[in-house]
1. So if I check each of S85, S71, which one is on the phi < 0 side of the Ramachandran plot and open to solvent by 20 Å² or more (accessible area, probe 1.4 Å)?
2. Please work out if Q82 is among the polar types (S, T, N, Q), in a strand (DSSP E or B) and under 18 Å from V121 (Cβ atoms).
3. Quick one: would you say W53 is in a loop (DSSP other than H, G, I, E, B) and either surrounded by 15 or more Cβ atoms within 10 Å (Cβ to Cβ) or aromatic (F, W, Y) (or both)?
Amino acid sequence: QVQLVESGGGLVQAGGSLRLSCAASGRTFSSYAMGWFRQVPGKEREWVAAISWDGGSTYYANFVNGRFTISRDNAKNTVNLQMNSLIPQDTAVYYCAAKRTGWGMAAHEYDYWGQGIQVTVSS
């Protein structure tokens with residue numbers, strides 16, 4: 001069992017930056033691949049980024065275009081998403097998620113989810 005809690009969201013102007021963090025409970029955190037997703041009302045949850053269990057591999061959705069960086073610290077049971085050059089289209093609720101094996105882009109592949117945190121980018 002893994003419990004995930006996001007933090008770091010909020011309101012930022014276009015062009016600004018935010019750093020999301022996800023704190024995980026459980027002794028097996030380091031064995032999970034982690035992902036970040038986002039969702040706006042009326043749309044499906046959208047994959048943003050993923051990182052392998054050891055942090056050695058990272059993956060990004062095309063729309064990230066070099067603006068975001070995912071990282072993890074297994075000693076602290078945390079995964080982060082540094083978001084730079086934010087645009088209004090990045091406005092969404094952001095979720096972190098844990099996946100037992102491999103990594104993936106589909107929400108249904110993930111086993112545990114945080115409650116989500118709002119990110120709002122004003123123009």
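1. S71
2. Considered against the rule, which asks whether it is among the polar types (S, T, N, Q), in a strand (DSSP E or B) and under 18 Å from V121 (Cβ atoms), Q82 comes out as yes.
3. yes
The values are calculated or read from the model by the stated rules, or taken from the named source; none is laboratory data. All values reported here derive from a predicted model rather than from experimental measurement. For neighbour counting, all protein chains shown are included, and Cβ atoms are generated from backbone atoms with ideal geometry for every residue, glycine included. The accessibility values were calculated without ligands, DNA or RNA, using every heavy atom of the protein model including side chains. Shrake-Rupley method; radii C 1.70, N 1.55, O 1.52, S 1.80 Å.
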